[in-house]
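Report on the structure given below.
The values are calculated or read from the model by the stated rules, or taken from the named source; none is laboratory data. What you see is a predicted model, and the numbers here were worked out from it, not measured in a lab. Virtual Cβ from ideal backbone geometry, glycine too; neighbours counted across all protein chains shown.
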There are 2 protein chains.
Amino acid sequence: MPYELYYWPMIQGRGEFVRLALEEAGADYVDIAREPDDEAGMETMMGFMGDKNLRHPPFAPPFLKDGDVVVAQTAAILLYLGPRLNLAPEDEAGRIWTHQIQLTIADIVAEAHDTHHPVGVGLYYEDQKAEAARRSEDFRKSRIPKYLSWFETVLERNTSSKTHLVGRAVTYADLSLFQLVDGLTYAFPKATKRALAKTPHVAALHEAVARRPRIAAYLASDRRIPFNQEGIFRHYPELDG
Amino acid sequence: MPYELYYWPMIQGRGEFVRLALEEAGADYVDIAREPDDEAGMETMMGFMGDKNLRHPPFAPPFLKDGDVVVAQTAAILLYLGPRLNLAPEDEAGRIWTHQIQLTIADIVAEAHDTHHPVGVGLYYEDQKAEAARRSEDFRKSRIPKYLSWFETVLERNTSSKTHLVGRAVTYADLSLFQLVDGLTYAFPKATKRALAKTPHVAALHEAVARRPRIAAYLASDRRIPFNQEGIFRHYPELDG
């Protein structure tokens, strides 16, 4: 039975971290909310979420259905999929370290979202532009460099490989760091370029993941939704610098 | 060998979710950064974090040391401790569901922090009061009710118990939901009281956890740091309403 991924069909968003893992593994999966088209797929997803018999209701997409198991929260989905897709180490210490890195990626992803929505997710960007400008300045100057230099340190201290965060094989954390760098580069091209110049291992990992055959094929396919102004990573030139 | 918890000694903060689990289990642990006093303890913690030989460096406190294993990120620490402290179900589906709930608690905790720091963590509250007022309004009106009603639904749909989020025994997620409600009640007493009136199972869980013998003893001890204006949950009357 294929995995069923449920996520907003018009954006990469948090679902993309799951899509990348499924694609890298060549897993059999259905991106439910895009089948047979976005409109019908959304209806299926909203219907599923509204089911009052659902014992483990997701707070929000993305969520994954694997037979009777329903898992929401991006990092929890990857924790669940990691061993099944061979994208996590076999030992417990390695798995928890991979998960810890993923949670740190989740933290900066949430901060990246808040650069354009510092006041509230229910308001338009246009209604919080002044606040967004202040928050983005802090994000560019302090947060991007701080996070990327932590990932650089993790790569430097990995004695098995300098192109993998954990051990010598690809994990979902590598795929997620690729996606983070890709998103930051889209949203804040100038600031991210400056930060990456100081974190060469992070930059190299981003390029190495993009060249992996299944990832490259995925990125070139129409399954990869382009970045746009509805997602987590948005390019407002006035917020970069 | 006792567990070693590393966290800022002057606040409850994210470390409190770990402290509550260790306390409920009656675990042998040392709150490193408070030993023998806060100043010396902080020095120990910062020295540990700065150790260039650390293979798995924490991005930030809290982190837990268990022999050679170092785990950071609150939710990952609880994932690690859960089975060891008998605060998580035995089956994988139950564990991942407990973790998913914990990650959702982590999300609202981060949002609660950003009510007083919507622009940046490096700035004082006084320098972002206008933005904080707008963000808090959205948090009070939309976010607190939305999250608490999700927890209410989780409790309603638990066929084994209405006072536990998962199964019929206490898990770290129950302790964390207690702490969330406690913190929200401190920071936003009016708004939280209104929300709790509509989520009676959440309110009852908060009271039930507070009455657990080891938790009650902990809350009455000087190991429980009082809420204050340095932590995640801060009471600025102008942000409540």
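The table below lists the values:
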quantity: Conditions (1) within 23 Å of A:Gly26 (Cβ to Cβ); (2) of a type in the set (A, V, I, L, M); (3) touching a Leu at 6+ places or on another chain (Cβ under 7 Å); number of the one not met by A:Ala169; calculated: (3)
quantity: Options B:Leu123, B:Leu103; residue that is part of a helix (DSSP H, G or I) and not assigned by TED's automatic domain parsing to the domain that holds B:Thr74; calculated: B:Leu103
quantity: Pairs with Cβ under 6 Å, 6+ apart, first in the stretch B:121-149 and touching a residue at least 12 places away in the same chain (Cβ under 8 Å), second among the charged types (D, E, K, R); calculated: B:Glu131/A:Glu131; B:Arg143/B:Glu111
quantity: Filtered residues of the stretch B:204-216 (kept if without any contact (Cβ under 8 Å) to a residue 40 or more places away in the chain and over 18 Å from B:Gly167 (Cα atoms)); calculated: B:Glu207, B:Ala210, B:Arg211, B:Pro213, B:Ala216
quantity: One residue from B:Val166, B:Val181, B:Val202 being under 23 Å from B:Pro89 (Cβ atoms), β-branched (Val, Ile, Thr) and in contact with a His (Cβ under 8 Å, 6 or more places away or on another chain); calculated: B:Val181
quantity: Residue within the stretch B:26-41 that is within 10 Å of another protein chain (Cβ to nearest Cβ) and in contact (Cβ under 8 Å) with a residue 12 or more places away in the chain present; calculated: no
quantity: Members of the stretch A:56-68 found to be facing chain B (nearest Cβ under 9 Å) and surrounded by fewer than 18 Cβ atoms within 10 Å (Cβ to Cβ), listed by number; calculated: A:Ala60, A:Asp68
quantity: Scan of the stretch A:84-95 for residues that are surrounded by fewer than 18 Cβ atoms within 10 Å (Cβ to Cβ) and in a helix (DSSP H, G or I), ordered by number; calculated: A:Arg84, A:Glu92, A:Ala93, A:Gly94
quantity: Odd one out for A:Thr115 among (1) buried (at least 23 other Cβ atoms within 10 Å of the Cβ); (2) more than 9 Å from chain B (Cβ to nearest Cβ); (3) more than 15 Å from the chain's Cα centre (by Cα); (4) in a strand (DSSP E or B); calculated: (4)
quantity: In the stretch A:118-152, residue surrounded by the fewest Cβ atoms within 10 Å (Cβ to Cβ) [restricted to those that are within 22 Å of A:Thr163 (Cβ to Cβ) and among the aromatic types (Phe, Trp, Tyr)]; calculated: A:Trp150
quantity: The listed residue being more than 10 Å from chain B (Cβ to nearest Cβ) and charged (D, E, K, R), out of A:Glu90, A:Glu131; calculated: A:Glu90
quantity: Candidates A:Leu180, A:Leu175, filtered to the one that is away from chain B (no Cβ under 14 Å), over 12 Å from A:Leu239 (Cα atoms), crowded, with 19+ Cβ neighbours inside 10 Å and modelled with pLDDT of 95 or more; calculated: A:Leu175
quantity: Number of the condition not met by A:Val71 [criteria: (1) facing chain B (nearest Cβ under 10 Å); (2) surrounded by 22 or more Cβ atoms within 10 Å (Cβ to Cβ); (3) hydrophobic (A, V, I, L, M, F, W, C); (4) closer than 19 Å to B:Val71 by Cα]; calculated: (4)
quantity: Tally of residues being at the interface with chain A (Cβ under 9 Å from one of its Cβ atoms), within 29 Å of B:His116 (Cα to Cα) and over 18 Å from the mean Cα position of the chain (by Cα) across the stretch B:142-161; calculated: 4
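The rows are residues; the columns are (1) over 15 Å from the mean Cα position of the chain (by Cα); (2) more than 30 Å from A:Lys52 (Cβ to Cβ).
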residue: B:Pro83; (1), (2): yes, yes
residue: B:Asn86; (1), (2): yes, yes
residue: B:Glu90; (1), (2): yes, no
residue: B:Ile101; (1), (2): no, no
residue: B:Tyr124; (1), (2): yes, yes
residue: B:Asp138; (1), (2): yes, no
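Okay, residues lined up against (1) in contact with a helix residue (DSSP H, G or I) (Cβ under 6 Å, 6 or more places away or on another chain); (2) in a helix (DSSP H, G or I):
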residue	(1), (2)
B:Leu148	yes, yes
B:Thr153	no, yes
B:Arg194	no, yes
B:His206	yes, yes
B:Tyr218	yes, yes
B:Asn228	no, no
B:Gly231	no, no
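Each row is one residue, and each column tells you yes or no for (1) among the polar types (S, T, N, Q); (2) more than 14 Å from B:Ser176 (Cβ to Cβ); (3) more than 10 Å from every other protein chain (Cβ to nearest Cβ).
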{"residue": "B:Ala75", "(1), (2), (3)": "no, no, no"}
{"residue": "B:Leu85", "(1), (2), (3)": "no, no, yes"}
{"residue": "B:Ile96", "(1), (2), (3)": "no, yes, no"}
{"residue": "B:Ala110", "(1), (2), (3)": "no, no, no"}
